[in-house]
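Worksheet: one structure, shown below.
Values quoted throughout were computed directly from the atomic coordinates according to the rules given, and no laboratory measurement underlies them. Computed from a predicted structure; not experimentally measured. Ideal geometry is used to build each Cβ from the backbone, glycine not excepted, and the neighbour counts take in all protein chains shown.
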Amino acid sequence: MINDKLPKIWHGGDYNPEQWDSKEIWDEDVRMFKLAGIDVATLNVFSWALNQPNEDTYNFDWLDDKINRLYENGIYTCLATSTAAHPAWMAKKYPDVLRVDFYGRKRKFGSRHNSCPNSPTYREYSERIAEKLAERYKDHPAVLIWHVSNEYGGYCYCDNCQDAFRGWLSDKYGTIEKLNKAWNTGFWGHTFYEWDEIVAPNMLSEEREDNVSDFQGISLDYRRFQSDSLLDCYKLEYKAIRKHVPTNIPITTNLMGTYPMLDYFKWAKEMDVVSWDNYPAIDTPYSYTAMTHDLMRGLKGGQPFMLMEQTPSQQNWQPYNSLKRPGVMRLWSYQAIGRGADTILYFQLRRSVGACEKYHGAVIEHVGHENTRVFNEVAQLGRELNQLSDTLLDARVNAKVAIVFDWENRWATELSSGPSVSLDYVNEVHKYYDALYKLNVQVDMIGVEEDLNKYDVVIAPVLYMVKEGYAAKVEKFVENGGTFLTTFFSGIVNETDIVTLGGYPGELRNVLGIWAEEIDALHPDETNQIVMNEVRGKMSGKYSCNLLFDLIHTEGAEAVAEYGSDFYKGMPVLTVNEFGQGKAWYIASSPDAEFLVDFLKTVCDEAGVKPLLAVPDGVETTERVKDGQNYLFVLNHNNEEVTIELQDSAYKEVLTDEQVSGNLVLKEKGVLILAKV
């Protein structure tokens, strides 16, 4: 449970009363919040300039009034530290707080997330205001959770960062000689003799746009360094708060799903609870959103997470900001809950009247009253969440299949000079997730540090970077009876992006029983064929593949399928290697969706992994478990009703408290939460 002061799924969102100088509006907000079942408001996200009008003055009277006003009406506070945008006076007096961008340009004051993470000024004042807030509100009964800054992100290339990067490298490598070896600086005359010869890799030095780098070692380390630098800023505020706030009050910051710039597995270790902001477009695959929820849950080993932000209706920053159709907000909220969310929070509670978020959706629209479709949908969900009470709180997801996701591997893959500009790590991961989603198989998204032994099947698409000890971990997992699956462009390099010699897939060669001599890269429109050598489970005949094509040889593995064309026709494209009590699969190209559904159905059947429920296309299933009780979520993403076959099982439908069995009609955008009886 996130905080037992409010033992239910929290319902609320970001509230910016400082944008409204009107007691009448504040009072009306409270009235409407209560109508909508809003019980948590996130305050003070961007209020640093209001809280601190100059270097020596702090003013929290306005915040006292808002926290107290809400609490007197049964609404708790998620209290932010306001440090996501530094004040104008700070930028004017201390320009070291301003970032230098990728092109080497010093920024002016403006926008947000504009602070250099290695600015001594920013670190000093952000830590100080966090502590001032903690001293003031440490015992306030309204404060459920602390929210540090907001949506950390962006890199800086200023002199402070460059100097800090040199120190970070010195701590990591110890000697300049070890760094030269790790980066292979003999290439292009890059040998360094002094730490201060190293410069930040940006448009002025090693990198160009679109993740193109002439020297992957330095670029990879700079991403690690910037992620660590921003994390250090978070930790400074965390520690300042924790000095005063009791440990039963959690501290978090809101993440952004598959955001590329930060290593969220490393960040999650410093967060009491993971929270994130979910903003799919109207055409985002439902499976992609499901995958991202599962990834957020996986950051802390399956611990329930917070949905910190979603829009009740539309966004403002996408090219085409479509409305959420009727029922979709509720449906997507239950998708989050079914995959581990213990909060449903929105951005925003009342629409702004000016600047770039005035057209971003809100619980209270510009019309200002409750007689709107959006408000009524929010109020309906609020009633349902009150009805659910603590039924689902802290319920867990039990998956027997895991997909490996690693930010450092992603960085290295995307920085790779070749073999294909079209290779997208996240897309390849999602292809495997999507197939399992269609098969209604529960999945955990895990990092490379996760224990593999609790899974029957582990899938690691495009495992380009194999970190120290990971190959041995995989071998032990397979030896003990697990099924491991990886793909083309795996086992190529180590943690510093140095190729493992002796043939791809490097350290994975032993467990996979293959070696690769070449990798062909063709335009994504050009395809080859996966020709099955035999019928295996659901797999037979031919399938299509594209993008990359490993030319592999077996050395112990069985060739289950071969390429159907080009000069490597007849060479293996799908292999399986019996290793100890388990097996290891290798897919040498990027297959089509039909292949992946048939293949993963076969893999799961052979491993004894069963789907949650047989349902029509467009219907999602997920399950949480608490105190021995399973809660099966059935979510209809279709625009028409469908029939759900429960077969011989009997359930209680949690939202209606009705006993159900046999065939059920689920309306368009409908939701079932089924507890077996």
Requested in this report: Please report, in debye to the nearest 20, how large the charge dipole of region 159-220 is about its Cα centre when each Lys and Arg carries +1 at its beta carbon and each Asp and Glu carries -1 there.
Outcome: 300
Query raised in the report: Along the positive direction of the dipole of region 579-620 (beta-carbon charges: Lys, Arg +1; Asp, Glu -1; about the Cα centre), which of ALA614, PRO591, GLN581 reaches farthest?
Result: GLN581
Requested in this report: Run the numbers on the chain and let me know its relative contact order in percent, using alpha-carbon pairs under 8 Å that are six or more apart.
Outcome: 11
Query raised in the report: What order do you get for 360-371, 123-134 when each peptide is scored by the mean count of other beta carbon atoms within 10 Å, highest first?
Result: 123-134, 360-371
**Report entry** Backbone HN-Hα couplings from phi across region 81-96 [Karplus 6.51/-1.76/1.60, Hz, Gly and Pro as x]
**Finding:** 9, 6, 8, 6, 8, 6, x, 4, 4, 5, 5, 5, 7, 10, x, 5
Report task. Quickly rank 518-526, 593-601, 214-222 as a protection proxy: mean count of other C-beta atoms within 10 Å, highest first. Result -> 214-222, 593-601, 518-526
Requested in this report: Of the listed pairs LYS106/LYS235; LYS172/LYS266; LYS23/LYS66; LYS300/LYS454, which have alpha-carbon separations greater than 19 Å here?
Outcome: LYS106/LYS235
**Report entry** Burial ranking of peptide ranges 324-331, 618-625 (average Cβ count within 10 Å, highest at the top)
**Finding:** 618-625, 324-331
Query raised in the report: Relative contact order (percent) for region 159-220, with alpha-carbon contacts under 8 angstrom and 6 or more residues of separation?
Result: 29
Report task. Would you kindly derive the ³J(HN,Hα) couplings of region 178-191 from the backbone phi angles with the Karplus curve 6.51 cos²θ - 1.76 cosθ + 1.60 (θ = phi - 60°), listing them in order in whole Hz, with x for Gly and Pro? Result -> 5, 5, 4, 5, 5, 8, 6, 6, x, 6, 6, x, 9, 4
Report summary line: Here the net charge surrounding LEU664, from other residues whose Cβ is less than 9 Å away from its Cβ (Lys, Arg +1; Asp, Glu -1), is -2
Query raised in the report: region 217-294 to region 330-376: how many Å between their Cα centroids?
Result: 22
Report summary line: Listed by chain and number, the aspartates and glutamates with an alpha carbon less than 20 angstrom from that of LYS92, same-chain partners under 8 positions apart left out, are GLU55, ASP56, ASP101, GLU124, GLU127, ASP159
Query raised in the report: Which links in LYS473/LYS626; LYS138/LYS269; LYS269/LYS467 stretch past 27 Å when you go from one Cα to the other?
Result: LYS473/LYS626
Query raised in the report: Based on Cβ point charges of +1 for Lys and Arg and -1 for Asp and Glu, what charge dipole magnitude is obtained for the chain about its Cα centre, in debye rounded to the nearest 20?
Result: 1420
Report task. Could you grab the relative contact order for region 281-341? Cα pairs under 8 Å, six or more apart, rounded to a whole percent. Result -> 45
**Report entry** Only Lys, Arg (+1) and Asp, Glu (-1) charged, at Cβ; region 292-445 dipole about Cα centre in debye
**Finding:** 400
Report summary line: Note to self, the chain gives a 222 nm [θ] from helices alone (DSSP H runs n ≥ 4, -39500 (n - 2.57) apiece, / all residues, nearest 500) of -9000 deg cm²/dmol
Query raised in the report: What ranking of ILE403, ILE644 emerges when the number of other C-beta atoms within 10 Å of each C-beta is taken as an exposure proxy, fewest first?
Result: ILE644, ILE403
